[in-house]
Each structure stands twice: as C-alpha cells, then as structure tokens.
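Here's the structure, in structure tokens; my notes come after.
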Amino acid sequence: MDFSLSEEQEMLRKSAREFLEQECSKKFVREMEQDEKGYSAELWNKMAELGWMGLIFPEEYDGMGNDMLSLTILLEEMGRALLPGPFVPTVVYCGLPLLHYGTEEQKKSLLLPIAQGKLIMTLAVTEPETQFGETNVITKAIQNGDNYAINGLKLFVPDAHIADWFLCLSTDDKGESLFLINAESQGIQCNLLKTMASDKQCEVILDNVVVPAAGILGEPGKGREIVQKIGELAALANCALILGGLEYALEAAVSYAKQRVQFERPIGSFQAIQHKCADMLTDIDGARFLIYEAAWRLSQNLPATKEISMAKAWTSDASRRVCLEAVRVHGGIGISVDHDMQLYFRRAKAMELAWGNGDFHRNVVAMNIGL
C-alpha cells in the first residue's frame, strides 16, 4: 500500500515547517499566551499572503482549491509549532460551513474576505447548562418582521474578542438555526476566560442582538445538523493539531534521552526509556494513519463519520499517554514553566477534551457499527 503524499503536499509541509520555525518561536508562543489578543496581525497577514486562509476554498472565492488532506497537513505543522491565533475557528469552524451551506451572497460577503485574510470568524455553540453532544439550546432567537432578536449566553467561544463575525446556534420558531452575527452589533459582550492552555476562549453575552432573517446559515431550523457536521470537521482539525504537537514531543524526548547522562551513560541506553519512546512512536503512527484516512475520505467526498471518531478517540488517548511519557523522560525539568514541554502538555490536554473526548467518540464508532 502506498501512503505517500503527493509532491505538492510534501512541498506544503516543508514550506509550512520552514515558515513556522522562522515566525513562530516558543518565545512568540509564550508572548501570545500573555497577550490580550492572543495573535499577531503581522503574522496573520503573512499567512494570508501564503494562501493558507484560502487553501481549501475554491478559486472563485480567492482560494487555492486544495482538499481536506492538504489542510490536515498544514494543521499538523501548526500543531507542531503551537501556532496561536484564530485560524481554525475562522477557516474550519466557520469557513467550511459557509462554503457548504451558505448562499452565494453570504459566500461573497464573508468567505471571500476569509480567504484573503481580511476577516476573522468564530463559532458560538456551547452553553452553561449543556455538555458536549447535548442538544438543548437555551439561547433564543425571536422573530420580529424581517429581523431576529437573539438573547443568551455562550461559553468557550474561541477568539470571540477579536472576531469580526460569529456563527451562533440559537432556538427559534422552527427549531434550532445558525445565525451569522456581525460582532459590531449592539448588545454583544465578550469576556476572556482563564483556561489551562492559555488560549483565548470567551464568554459571550447576547442581549437583544438584532440579526436579519437573511443572516441564517443553511435552512432555518436545521442548525443542529450543520453543527454536527462542523463538529466532525473540528474534531479532525484538532486531531491534526494534536498530531503535530506529539511529533515534536517525541523528537524532544529522544533528543534529551541521547544527551542526558546518568550512571555514566545516556539515559536513552536504558531499556525503560527506550520502551517509553517506542510506545510513543506507536501511538503517534497509529494516530497519523487514522487521521490521514479520515482526511482522505473527506477529500474524496466519502462518508467519514466513523473514521473521524476513530481518529479522535485514538488521538485523544494518545495525546495523554505521549505527553505524559515525554515529561517522564525529561524528569523534573519537563514540568518546569521555563521548559517547552509544558506548553505541549497543556495544549494537548485541552485538545484531548475539545469536540469530544475518547469515550464520546468511541460511542459514535459503536453506533456506526450497529451497537
């Protein structure tokens, strides 16, 4: 079997790694954790010039017309570099749903500037009284003529404080719908939350926010179905980010094991350390196979719900095992704030839980095989 990437995909990986090694140092990552915005507009513009924001969108919307596997490769490199910023919320959580469900007017007004790097979007779904996968939505959208008034509270909305537009799930007279909300609308308040990964997630309060009826994405009352599709894409994107981080963690552990001397020999010469690293590589290669298979199926327009959940279940569990073993190989220094390993450990833990943990996705796989 040939699992090799195309020449174009290999070039994408190589160029992305070289760019991020130059532009996204660990010093920069630490600075963005402390920065209120959490991203660099200068770096964002450079990424746009490379065509990354439009990588997966058609050329008619200023995109490059690539597929989900190519986007997965790019996300893997972003995860390796711990790239901060709103790329995934903008492109994956909102851009792809716009492409698949948006009207031509919505695509031209929002998707085109996304591909050009001129617009940031985010998804507002989670609420205080719900857990991931639950269907009850308290946020309400009440129709008044040609407009809706939206009231509610959303939690863990990524990069909401810097977003230009929101994609918000609300209940209305037809069920649950996804509304496109301009961030400059009256009645929106964003408050940054303190998180383990120091990523920029927000509480968003919506107080009589007026949205035109034309601002509904997709068919009215079908928002839940769209969110389920978004959840699959988001889970796969998170897998790719985790994978890149785990690859770096293994490389760092192996390098340290070769250098660290104990009992007059490198610790990498001890079987216990060797087996830890071997288990880490097994976990990582298993994750890569499942992730690439799911991304390939999406690229071929094949059903991939089961494959995505298999990838997320394995990768979520692997992230916990690999990062923990990488810390153990480093010893006490691995949990030091001054060491890079804690950056990967915290980020991997947050992404392990995001868009469903291993148990959630094992349930999805079980249902897909008839159990």
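The values are calculated or read from the model by the stated rules, or taken from the named source; none is laboratory data. Everything numeric here is computed off the predicted structure, so don't read it as measured data. As a convention, Cβ positions derive from the backbone with ideal geometry for all residues, glycine included, and neighbour counts pool all protein chains shown. To get the accessible areas, we keep the full protein, side chains included, count just its heavy atoms, and leave off ligands, DNA and RNA. Shrake-Rupley method; radii C 1.70, N 1.55, O 1.52, S 1.80 Å.
Restricting attention to region 188-213, the residues that are in contact with a Phe, Trp or Tyr (Cβ under 9 Å, 6 or more places away or on another chain), farther than 20 Å from Asn147 by Cβ and of a type outside the set (Val, Ile, Thr) add up to 5.
Condition check ((1) assigned to a loop (DSSP other than H, G, I, E, B); (2) of a type outside the set (D, E, K, R); (3) surrounded by 15 or more Cβ atoms within 10 Å (Cβ to Cβ)) across all residues:
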| residue | (1), (2), (3) |
| --- | --- |
| Ala214 | no, yes, no |
| Gly245 | no, yes, yes |
| Tyr256 | no, yes, yes |
| Cys277 | no, yes, yes |
| Ile284 | no, yes, yes |
| Ala287 | no, yes, yes |
| Lys306 | no, no, yes |
| Ala318 | no, yes, yes |
| Arg321 | no, no, yes |
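Among the candidates Gly356, Gly370, which residue alone is over 22 Å from Ser70 (Cβ atoms), in contact (Cβ under 8 Å) with a residue 12 or more places away in the chain, out of contact with any strand residue (DSSP E or B) (no Cβ under 7 Å at 6 or more places or on another chain) and not polar (S, T, N, Q)? Result: Gly356 is the single residue among Gly356, Gly370 that is over 22 Å from Ser70 (Cβ atoms), in contact (Cβ under 8 Å) with a residue 12 or more places away in the chain, out of contact with any strand residue (DSSP E or B) (no Cβ under 7 Å at 6 or more places or on another chain) and not polar (S, T, N, Q). Taken over region 16-27, the criterion of being surrounded by fewer than 17 Cβ atoms within 10 Å (Cβ to Cβ) and either in contact with a helix residue (DSSP H, G or I) (Cβ under 9 Å, 6 or more places away or on another chain) or aromatic (Phe, Trp, Tyr) (or both) is satisfied by Arg17, Glu21, Glu23, Ser25, Lys26.
Checking each residue in region 56-65 for being touching a residue at least 40 places away in the same chain (Cβ under 8 Å) and either more than 21 Å from Leu110 (Cβ to Cβ) or surrounded by fewer than 23 Cβ atoms within 10 Å (Cβ to Cβ) (or both) picks out Pro58, Tyr61, Asp62, Gly63. Identify, please: which residue in region 115-142 is surrounded by 14 or more Cβ atoms within 10 Å (Cβ to Cβ) and polar (S, T, N, Q) and is, among those, farthest from Gln189 (Cα to Cα)? Taking the candidates together, the pick is Gln116. Screening Asn191 on (1) touching a helix residue (DSSP H, G or I) at 6+ places or on another chain (Cβ under 9 Å); (2) under 25 Å from Ser40 (Cα atoms); (3) open to solvent by 10 Å² or more (accessible area, probe 1.4 Å); (4) in contact (Cβ under 8 Å) with a residue 60 or more places away in the chain shows it passes everything except condition (4).
The lone criterion from (1) surrounded by fewer than 17 Cβ atoms within 10 Å (Cβ to Cβ); (2) part of a helix (DSSP H, G or I) left unmet by Asp338 is number (2).
Set side by side, the residues Glu232, Glu184, Glu176 differ, and just one is out of contact with any Cys (no Cβ under 6 Å at 6 or more places or on another chain), without any contact (Cβ under 8 Å) to a residue 24 or more places away in the chain and of a type outside the set (A, V, I, L, M), which is Glu184. Scanning region 16-57 for residues that are more than 23 Å from Met68 (Cβ to Cβ) and basic (Lys, Arg) returns Lys26, Lys27, Arg30, Lys37, Lys46.
Quick test of your reading of the structure: Phe132 fulfils all but one of (1) modelled with pLDDT of 95 or more; (2) part of a loop (DSSP other than H, G, I, E, B); (3) aromatic (Phe, Trp, Tyr). Name the failing condition by number. Only one criterion in (1) modelled with pLDDT of 95 or more; (2) part of a loop (DSSP other than H, G, I, E, B); (3) aromatic (Phe, Trp, Tyr) is unmet by Phe132, namely (1).
One residue is enough: does region 350-360 have a residue meeting the conditions at positive phi, open to solvent by less than 60 Å² (accessible area, probe 1.4 Å) and not polar (S, T, N, Q)? Yes; the residues of region 350-360 include at least one that is at positive phi, open to solvent by less than 60 Å² (accessible area, probe 1.4 Å) and not polar (S, T, N, Q).
Pick out the one residue from Leu75, Leu82 that is open to solvent by less than 70 Å² (accessible area, probe 1.4 Å), at pLDDT 95 or above, closer than 25 Å to Ala235 by Cα and touching a Lys or Arg at 6+ places or on another chain (Cβ under 7 Å). Testing whether each residue is open to solvent by less than 70 Å² (accessible area, probe 1.4 Å), at pLDDT 95 or above, closer than 25 Å to Ala235 by Cα and touching a Lys or Arg at 6+ places or on another chain (Cβ under 7 Å) leaves just Leu82. All conditions in (1) under 27 Å from Pro84 (Cβ atoms); (2) at pLDDT 95 or above; (3) not β-branched (Val, Ile, Thr) hold for Met196, with the sole exception of (2).
Only one entry in Phe166, Phe179 is part of a strand (DSSP E or B), of a type in the set (Phe, Trp, Tyr) and in contact with a helix residue (DSSP H, G or I) (Cβ under 6 Å, 6 or more places away or on another chain), namely Phe179. Filtering Ser185, Ser177, Ser198 for residues that are buried (at least 21 other Cβ atoms within 10 Å of the Cβ) and among the hydroxyl-bearing types (Ser, Thr, Tyr) leaves a single hit, Ser177.
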